[in-house]
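Before any comments, here is the structure.
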Amino acid sequence: MVQGFNENVNYQGAVFHIQTEDMGGEKCTMVSTVFLGGMVVYRKEVNYSEIIKRGIKRERLNLVLEKLHKKVKDELLMGLYDERIKELRFKETRRAKGTGPLMDFLTEVMLPDLKRVFRVELSEPDIRRIASSLPSVEDTREGFLALFKTVYNLLQERVDRERYKSLVKKWLAGIPRPMTSVEGFEDLLRRVIKEDLSKAIGGSLAEALLHKVLSEIHPLFLKQPNAFEVIIERILNSGVVVKMTDPDWRQMQRERWLDRYRNIVDSRPLNV
């Protein structure tokens, strides 16, 4: 039986979730992972095959598992992961302000496409004007739509409207619409993965795993454009899935579920 510990820890004004599991079976591996808002802060693996060879009963491994959990928790509280936490918070700040990923997308994707298709370039003042209009916009689908519309308003006399809309469809292809509620996210998640997951690990285990993962979701987390991908990774890297499937299956399902998700999510028309 896969054993483990799950604990929420308050640190630096935030709630961190520590999940420590014994993968069991022939893997002889324990894994402890620290999460912050669905993002992985730290992951530590311990192989105990040598302990088993020395004849220690598996039941006594619970003590080793508990010590691993406590060690990771203590390291978190001692500040050993502060640099990683700082990095994740910086990314979240940029995302919340909408001046990071949105502007990166503008400079790395949109500007080259606009130059290639329309032979037009945005001036530095234009780019600064766009940046100043984005601080209150998150990099959700709505945030990207706001970016596309702002750029169109600047260039509408220099570009063909229909061709610009075609570019927008291309830009939107990889940007999923975030869910607005845990219930809506749960419905979509089950629709995408439940059948495949049940075939692999059994209906009861699949249901228990989905319930566990969904119970840890905060509605604000769903505003992140990569929320679905983060949840998929947590499911595929969970102890029970790792124990009962092989890496090829997990990679195949990762790609299949993401493709299925993108096909299900509707695209919103851009009103320009």
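Mind checking whether some residue in the stretch 21-29 is surrounded by 14 or more Cβ atoms within 10 Å (Cβ to Cβ), touching a Leu at 6+ places or on another chain (Cβ under 7 Å), within 14 Å of residue 238 (Cβ to Cβ) and not hydroxyl-bearing (Ser, Thr, Tyr)? Yes. Please tell me if residue 184 is in contact with a strand residue (DSSP E or B) (Cβ under 8 Å, 6 or more places away or on another chain) and either modelled with pLDDT of 80 or more or surrounded by fewer than 17 Cβ atoms within 10 Å (Cβ to Cβ) (or both). Answer is no for this residue. When residue 91 is tested against (1) at pLDDT 80 or above; (2) closer than 25 Å to residue 222 by Cα; (3) surrounded by fewer than 17 Cβ atoms within 10 Å (Cβ to Cβ), exactly one condition is not met: (1). Pairs are defined by a Cβ separation below 9 Å, a sequence spacing of at least 6 or placement on different chains, a first member in the stretch 201-215 that is over 15 Å from residue 188 (Cα atoms), and a second member that is surrounded by fewer than 13 Cβ atoms within 10 Å (Cβ to Cβ) and polar (S, T, N, Q); the pairs so defined are 212/6.
Answer yes or no as to whether residue 131 is more than 30 Å from residue 46 (Cα to Cα), modelled with pLDDT of 85 or more, surrounded by 14 or more Cβ atoms within 10 Å (Cβ to Cβ) and not assigned by TED's automatic domain parsing to the domain that holds residue 15.
Working: more than 30 Å from residue 46 (Cα to Cα): yes; modelled with pLDDT of 85 or more: no; surrounded by 14 or more Cβ atoms within 10 Å (Cβ to Cβ): yes; not assigned by TED's automatic domain parsing to the domain that holds residue 15: yes.
It is false that residue 131 is more than 30 Å from residue 46 (Cα to Cα), modelled with pLDDT of 85 or more, surrounded by 14 or more Cβ atoms within 10 Å (Cβ to Cβ) and not assigned by TED's automatic domain parsing to the domain that holds residue 15.
Being at pLDDT below 85, among the acidic types (Asp, Glu) and not assigned by TED's automatic domain parsing to the domain that holds residue 149 narrows it down to one residue among 216, 207, 195, 233; which is it?
Details: 207 fails: at pLDDT below 85; 195 fails: at pLDDT below 85; 233 fails: at pLDDT below 85.
When all the criteria are applied, what remains is 216.
The residue that is nearest to residue 9 (Cα to Cα), among those in the stretch 45-74 that are in contact (Cβ under 8 Å) with a residue 12 or more places away in the chain and among the acidic types (Asp, Glu), is 66. Total residues in the stretch 152-167 satisfying the condition of being in a helix (DSSP H, G or I) and either in contact with a strand residue (DSSP E or B) (Cβ under 6 Å, 6 or more places away or on another chain) or surrounded by 14 or more Cβ atoms within 10 Å (Cβ to Cβ) (or both): the figure is 6.
The values are calculated or read from the model by the stated rules, or taken from the named source; none is laboratory data. Fair warning: this is a prediction, and the values are worked out from it, not measured in the lab. Heads up, the Cβs are rebuilt from the backbone with ideal geometry, glycines too, and the neighbour counts pull from every protein chain shown.
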